[in-house]
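Right, one structure below, let's go through it.
Coordinate-derived values only; no laboratory data. Just so it is clear, the structure is predicted and the values come from calculations on it, not from any experiment. Neighbour counts run over all protein chains shown; Cβ positions are idealised from the backbone, glycine included.
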Amino acid sequence: MDKLATYALRLGDDSLVAGQRLSEWCGHAPALEVDLSLANVALDQIGQATHFLALAGELEAKGRDADALAFRRDVMDFTNCLLVEQPNGDFAQTIARQLLFSHYQELLFTELAASKHARLAAIAAKAVKETSYHATLASDWVTRLGDGTEESRSRMIAGLDWMWRFVDELFVIDEIDAAAIAAGAGVDKSALRPAWDMRIDAVLADATLERPAPRRPVLGGRTGRHSEHLGHLLSQMQFLQRAYPGATW
Amino acid sequence: MSDPSKEWPLWEVFVRGKGGLSHRHVGSVHAADAKMAVEHARDTYTRRLEGISLWVVPSAQITASDPGDAAALFEPAEDKVYRHPTFYSIPDHIKHI
């Protein structure tokens, strides 16, 4: 795969795994209205993935479409960040993941919408509006849970603590990013960190929560070194295409 | 969720379909406060491009007429056809009326 194809693949894998993981709440959320909220976000993210993966397949030019990339790759071929594959845990843990990821995605897509690569720019421009809503929704819930009851507060703290070690990976750039940045197509993610920090700190202040203590960052998602959780997610998501390769309906 | 006293209060949802139209009642959502009610209304009732504006109103704040008073309230209007503006002739070139 050329570097720009890999760049698009990473964007697609982030959205796909985030959406698939969030969709596990469908039918299980604390209230019917919350069930719909989470399913809406999950569908938005899977929609983003469809566009990014289709682009990755076209750039690769080996005949793989978005479905082939989503359903017929094994776990070590996935390039998503580790944050999005983390288990849902309780509602607060899920909301913690959504907060950290959606603010990152909103900042990223805002910049990517100005990409010189027309397709990337168009996908990002469409995605940034929905992602902005995801960030608002997650921020509201963090505030409610953090500044809520003793129990909701302790769960929110535990959820943020679980997810925190996967934050640094979001902003790491490597030769794939460097090539995309040099071509005017990609975004320098490392430069997004101060704005992200400001946003997260503002939400935490509203929620009367402390920023979690610094943790040793866990990296590896971009090069296929994943936590054990991703394999289980894929086995469910890819079951049909694994059992009946090429099945359509 | 089985204890009703622990459920979030109910909010009535009104959606404006497009500019110039009135907000129409479309249903209700449960939510802890007004801000959450707007988010829940957005996610429940405007997923398919149904609207450009939302109102939410606490259901408890709505005062309804008593069905038992329906005869006194509404039936007297039945035989007062002269209250309908149907006796005016409208010129052909007047549209949208």
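Relative to the longest principal axis of chain B, what angle (0 to 90°, nearest 10) does the C-alpha long axis of helix B:34-45 take?
The answer is roughly 70 degrees.
Using the Cα centre of the stretch B:4-65 as the reference point, and only Cβ charges (+1 on K/R, -1 on D/E), how large is the resulting charge dipole? Debye, rounded to the nearest 20.
So the magnitude is around 240 debye.
From the square roots a ≥ b ≥ c of the eigenvalues of the alpha-carbon gyration tensor of the stretch B:4-65, which class results: rounded (a/c under 1.5), prolate (a/b over b/c), or oblate?
Verdict is oblate for the stretch B:4-65.
Take each complete run of DSSP H in chain A, measure how far its Cα atoms stretch along the helix's own axis, and keep only those covering 27 Å or more with mean Kyte-Doolittle hydropathy at least -0.5; list them.
Qualifying helices: A:3-23, A:32-60, A:91-112, A:118-146.
Summing Lys, Arg as +1 and Asp, Glu as -1, what charge do residues with Cβ under 14 Å from the Cβ of A:Y7 carry, A:Y7 excluded?
Residues close to A:Y7 contribute a combined charge of -4.
What net charge is computed for the residues neighbouring B:A32, neighbours being all others with C-beta under 14 Å from the C-beta of B:A32, Lys and Arg scored +1, Asp and Glu -1?
Net of charged neighbours comes to -3.
With a Förster radius of 25 Å, plug the Cβ-Cβ distance of A:D147 and A:D197 into 1/(1 + (r/R0)^6) and report the FRET value to the nearest 0.05.
Calculated value: 0.75.
Between B:L21 and A:S132, with labels modelled 7 Å along Cα→Cβ, what's the label distance in nm to one decimal, could you check?
The two pseudo-label positions are separated by 2.4 nm.
Between A:L43 and A:Y244, 0.36 nm times their residue separation minus their Cα-Cα distance comes to what?
69.9 nm
Within the stretch B:10-97, which GluC sites (Glu not before Pro) sit in a loop by DSSP and count at most 11 neighbouring Cβ atoms inside 10 Å?
Sites meeting the loop and neighbour criteria: B:E78.
Starting from the Cα of B:Y88, move 7 Å in the Cα-to-Cβ direction to define the label point; list residues of the stretch B:14-37 whose amide nitrogen is under 20 Å from there.
Under cut-off, by backbone N: nothing.
Which net charge results for the neighbourhood of A:A183, defined as the other residues with beta-carbon distances under 14 angstrom from its beta-carbon, given Lys and Arg at +1 and Asp and Glu at -1?
Taking every Cβ under 14 Å from that of A:A183, the sum is -1.
Please get the size of the charge dipole for chain A, origin at its Cα centre, with Cβ charges of +1 on Lys and Arg and -1 on Asp and Glu, quoted in debye to the nearest 20.
460 debye
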